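Sharing a structure, written as structure tokens. Questions coming.
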């Protein structure tokens, strides 16, 4: 692994991103029309569909067995890749058992050359993260029900998503930073996270002694995603070195590619750690304070807004005696939104109110794996030219009850318009589509 000295790592990273106070607060009691819209979507029967397989399936062979899968994750049922698959688990490889193995470990990795500072000395926990999709031949689409994190939500952490495909599990692991003034993360490295998982699967002592692991063939050696200059240039030198980045700042408009080595480790699990029935609870507040492109009902990329205010995040993960794993996540916030001139950074209108509500639910048993996510972003008052409302619903179920829908309501629209794009393109959120 990389052998940089990170003695000032945490102090420096606090300047990059921070999460708000961790004490519990009560979310706003009522969001009016936003509550109505969100409740209606939650109760609505979003049409299920049989989505075709994504393009670019690959096959790997291990100990005489073959796995054919999509080497990426997605945010819907299209062929648009989100993250690369960089982990494969074989044998006793149920995601619940991988979770049990990693949760059983302490945070002391100094014998493997890691530093005794967060997140390198952190223990694993259930992660708060977006619901993503995966695909395996013969199994179809599957959801990342179980997510794990090594390190707090911010400033930096390691993050894993796991996808069950028959008797196999595939996953994506990445090292990421919390973007200052938001609840969003930016991926910094795939390879550093893959290394940490390799170390911890060895530490767990569950790999087959005769054939502990193997590797896939070269699947894709190209860099996948890139770090923009306005994030990279705030990374401390120690972090840049750790992710094999250039020591100096990037010029404005430049990006640093996030490389992949093209080979996926295959862990051969001959045993499993005991599953511990328990409830794990997270409850904290993210304080927004950032300039961002208006995410919907915009005139284009130069349509800028300033977003400020708290968002309350709560997640409960439970494993019961019979092995049922459930996870529920809720995010609620009422933010101020100010339209901004992209050249002068001066306000171009009165501040508005934005309601943000996001719900995730996941379930995994011996017979089913299902995950769902609903997101509402509502800018009011509705008669303001800078207003708008965005609703997104994703449901992925191992029994095939899959659904994806995006609804958009802009000031010139009387009602929500379905702008879902299940093909290879992204939905156009700048103007509503024709009904």
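Could you give the length gained by full extension between residue 50 and residue 292, i.e. 0.36 nm per residue of separation minus their alpha carbon distance, to one decimal place?
My answer for the length gained is 83.6 nm.
Take each of the peptides 313-323, 390-400, average the number of other beta-carbon atoms within 10 Å over its residues, and list them starting from the highest.
Taking the mean over residues of other Cβ atoms within 10 Å, the ranking is 390-400, 313-323.
Once segment 252-355 is represented by equal point scatterers at the alpha-carbon sites, with solvent omitted, what log10 I(q)/I(0) does the Debye formula produce at q = 0.17, 0.18, 0.21 Å⁻¹?
-0.93, -0.96, -1.07
Here's another thing I want to ask about it. Order 123-132, 289-298 from most to least packed using the mean count of other Cβ atoms within 10 Å.
In descending order of packing, they fall as 123-132, 289-298.
Could you put 276, 285, 60 in order, starting from the residue whose Cβ has the fewest other Cβ atoms within 10 Å?
276, 285, 60
Round to the nearest 0.05 the FRET efficiency obtained for residue 218 and residue 270 when R0 = 30 Å and r is the Cβ-Cβ distance.
FRET efficiency, residue 218 to residue 270: 0.65.
Would you mind ranking 164, 92 so that the residue whose beta carbon has the fewest other beta carbons within 10 Å leads the list?
Going from least to most buried by this count: 92, 164.
With the cut-off at 1.5 for a/c, could you classify segment 52-269 from its C-alpha gyration tensor as rounded, prolate or oblate?
It is oblate, given that a/c is not under 1.5 and a/b is not larger than b/c.
When the helices in the chain are scored as -39500 (n - 2.57) per DSSP H run of 4 or longer and the sum is shared across all residues, what 222 nm value do you end up with, to the nearest 500 deg cm²/dmol?
Rounded to the nearest 500, it is -3000 deg cm²/dmol.
Using r as the Cβ-Cβ distance of residue 184 and residue 336, and R0 as 25 Å, what FRET efficiency do you calculate, to the nearest 0.05?
Once rounded, the FRET efficiency stands at 0.85.
Report the label-to-label distance for residue 322 and residue 280 in nanometres (one decimal), using points 7 Å from each Cα along the Cα→Cβ vector.
2.3 nm
In the Gaussian network model of the chain, springs joining C-alpha atoms below 10 Å, which of 380, 348, 324 carries the largest mean-square fluctuation?
Evaluated over the chain, the most mobile residue of the options is 348.
On to the next question. Please say if segment 232-305 is rounded, prolate or oblate, where rounded means a/c under 1.5 for a ≥ b ≥ c the square roots of the C-alpha gyration tensor eigenvalues, and otherwise the choice is prolate for a/b larger than b/c and oblate otherwise?
Oblate, because a/c is 1.5 or more while a/b does not exceed b/c.
Which percent of Cα-Cα pairs in segment 278-418 sits in each 5 Å bin, short to long?
With a bin width of 5 Å, the distribution comes to 2, 9, 15, 17, 16, 13, 10, 8, 5, 3, 1, 0.
Choose one answer from 68, 338, 110: the residue with the largest mean-square fluctuation in a GNM of the chain with alpha-carbon springs under 10 Å.
Among 68, 338, 110, the largest mean-square fluctuation in the Gaussian network model of the chain belongs to 110.
Ok, one more. Nearest 10 degrees is fine. How inclined is helix 191-204 to the longest principal axis of the chain, computing both from alpha carbons?
The answer is roughly 50 degrees.
Measure nothing but the geometry: give the 0 to 90° angle between the long axis through the Cα atoms of 33-43 and the longest principal axis through the Cα atoms of the chain, rounded to 10°.
Long axis of 33-43 versus the principal axis of the chain: about 40 degrees.
Rg and Dmax of segment 73-156 over Cα atoms: what are they, in angstrom?
15.1, 44
Kindly identify segment 104-228 as rounded, prolate or oblate by the Cα gyration tensor criterion: order the square roots of the eigenvalues as a ≥ b ≥ c, call it rounded if a/c is under 1.5, otherwise compare a/b with b/c, prolate if a/b is larger, else oblate.
oblate
Additional query: Sort 89, 218, 329 so that the residue with the fewest other Cβ atoms within 10 Å of its own Cβ comes first and the one with the most comes last.
Exposure proxy ranking, most exposed first: 218, 329, 89.
In whole percent, what relative contact order does the chain give with Cα contacts below 8 Å and a gap of six or more residues?
Reported relative contact order: 16 percent.
Per 20 Å bin from zero, what fraction in whole % of the C-alpha pairs of the chain is there, up to the bin with the longest pair?
With 20 Å bins starting at 0, P(r) equals 24, 59, 16, 0.
No value in this document is a laboratory result; all are computed from the given coordinates. Quick caveat: nothing in here was measured; it's all calculated off a predicted structure. We place every Cβ from the backbone using ideal geometry, glycine too, and count neighbours over all the protein chains shown.
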